[in-house]
Amino acid sequence: MDRVRFAVVGMGIGKAQGRAIAQDPRGVVTALCDLDTARMDEFAAELPEPVRQFTDYHALCADPDIDAVFVGTPNQLHVPVALAAVRAGKHVLCTKPLSDSEAAARGLVEEAEAAGVVNMMSLSLRFGGAMQYLGRLSRRGDLGEVYFARARSIRRSGIPDWGAHFIRSGGGAFRDMGVHVLDAAWWMAGCPEPVSVTGAAGAKFGPRAQGYWEHRSVTPEFAAQYAADDYGVGLVRFANGAAIEVESFWASHQASELQIELFGTEGGAKLDPLTLYRTLDGRPADTTVQPPSREGFAGVAAHFIACVLDGAACEAPLRHGLTVQRMLEAVLASAASGAEVRLA
């Protein structure tokens, strides 16, 4: 096999990941799946090769001419679709978060690992050029011991309004964007084991029909479905003594920002603009770095394909997604209870 034949399930984020797969010389999109055939037709017209179309993901997973499945559905369907693919012997690439609950995520990871298929999270932030540069620098020890990180995803007015699944139970700001910055900061810190979480979360804008994407108006009927958070913040402590402070706001009276800051014993760093902070001869020595320009979805596609074709060790397995799921669910649970959550 010299190319991996992909099926893309879900024509939302699936389009972004599908384009990156189609542009990789060792990947090809051969099938699409969505309940909306018009959306499939529109995306199929972009692709360089003909594709088969399915409205039933079970039928798609039974197709012997598919090697791998990208799961780009709403959160609530990640595990059902991924499990069907795993049970059919397909390699699985899943968008974030891994699931809408820790229990479902854990079951998927156990089955995927037992099946021996390549299983990986699609993390466009972690696999972007700037993040890969900073992450590899941190993980090889250039900053010394990374003992603290701040991770923020803040929008001024950015609640998704193109699908009610975003705002229903199992969705929300923290599972949508908090997961990105929490995962990236945790990975750059060396993937330590989380032991406790304290969090706060709520919905201050969405239920009032405010804060939606680019200040667009939504109907009262749409806003009445709101059953998730539109902000979440937390402090995660790890077994090695490190901690991560994470913030995710879909809407706020603040400037939009996506930022990660690392605090190390030998140096510090921030993501945007990519800057390294050191002290040399008793004086500050700060360096702004022009990061590599690689797009995140392209990095995901290239690494996943290398895992399938070359046997490369997966750097973002579903098990990473499970650990991040444990942390994010603990933030929301702590917010609901008003108490710290201990992770066994």
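Scanning the stretch 177-205 for residues that are part of a helix (DSSP H, G or I) and surrounded by 23 or more Cβ atoms within 10 Å (Cβ to Cβ) yields Met177, Gly178, Val179, His180, Val181, Leu182, Asp183, Ala184, Ala185, Trp186, Met188. Taking into account only those residues within the stretch 253-270 that are in a loop (DSSP other than H, G, I, E, B) and of a type in the set (S, T, N, Q), which is surrounded by the fewest Cβ atoms within 10 Å (Cβ to Cβ)? Step by step, filter the stretch 253-270, then rank; the result is Thr265. When Ala68 is evaluated against the numbered criteria (1) over 27 Å from Glu113 (Cα atoms); (2) within 24 Å of the chain's Cα centre (by Cα), which criterion, by number, is the only one it fails? Every listed condition holds for Ala68 apart from (1).
Can you confirm whether Arg208 is open to solvent by 10 Å² or more (accessible area, probe 1.4 Å) and closer than 24 Å to Leu123 by Cα? So Arg208 does not fit the description; no. Under the condition of being free of Cβ contacts under 8 Å to residues at least 12 places away in the same chain and open to solvent by 70 Å² or more (accessible area, probe 1.4 Å), the residues counted in the stretch 280-293 number 5.
Contact map, the stretch 301-315: first residue under 20 Å from Gly18 (Cβ atoms), second residue at pLDDT 95 or above and among the basic types (Lys, Arg), Cβ cut-off under 7 Å, separation 6 or more or different chains; pairs are Ile305/Arg26; Leu309/Arg26. Among the numbered conditions (1) modelled with pLDDT of 95 or more; (2) assigned to a loop (DSSP other than H, G, I, E, B); (3) open to solvent by 70 Å² or more (accessible area, probe 1.4 Å), the only one that Ala312 does not meet is (3). For Ser99, the conditions (1) small (Gly, Ala, Ser); (2) in a helix (DSSP H, G or I); (3) buried (at least 18 other Cβ atoms within 10 Å of the Cβ) are fulfilled apart from (2).
Which ones in the stretch 213-252 are open to solvent by 50 Å² or more (accessible area, probe 1.4 Å), part of a loop (DSSP other than H, G, I, E, B) and in contact (Cβ under 8 Å) with a residue 24 or more places away in the chain? Of everything in the stretch 213-252, those that are open to solvent by 50 Å² or more (accessible area, probe 1.4 Å), part of a loop (DSSP other than H, G, I, E, B) and in contact (Cβ under 8 Å) with a residue 24 or more places away in the chain turn out to be Arg216, Gln225, Ala227, Ala239, Asn240, Gly241. Among residues that are at pLDDT 95 or above, under 13 Å from Ala31 (Cα atoms) and either in a helix (DSSP H, G or I) or under 20 Å from the mean Cα position of the chain (by Cα) (or both), Leu134 is not included. Starting from residues that are in a helix (DSSP H, G or I) and in contact with a strand residue (DSSP E or B) (Cβ under 6 Å, 6 or more places away or on another chain), keep the ones in the stretch 54-85 and report whichever is surrounded by the most Cβ atoms within 10 Å (Cβ to Cβ). Only one residue tops the list, namely Ala82.
Can Leu108 be described as assigned to a strand (DSSP E or B) and within 28 Å of Ala151 (Cα to Cα)? Spelling it out, it is not the case that Leu108 is assigned to a strand (DSSP E or B) and within 28 Å of Ala151 (Cα to Cα). Does Arg319 satisfy the criteria of being open to solvent by 40 Å² or more (accessible area, probe 1.4 Å) and more than 25 Å from Ser196 (Cα to Cα)? Here the answer is no, as Arg319 does not meet what is asked.
Within the span defined as the stretch 148-168, every residue fails to be more than 14 Å from Ala223 (Cα to Cα) and in a helix (DSSP H, G or I).
The values are calculated or read from the model by the stated rules, or taken from the named source; none is laboratory data. Everything quoted here is computed from the prediction, not taken from an experiment. FYI the Cβ positions are ideal-geometry reconstructions off the backbone, even for glycines, and counts take in every protein chain you see. Ligands, DNA and RNA are excluded from the accessible area calculation, which covers all protein heavy atoms including side chains. Shrake-Rupley method; radii C 1.70, N 1.55, O 1.52, S 1.80 Å.
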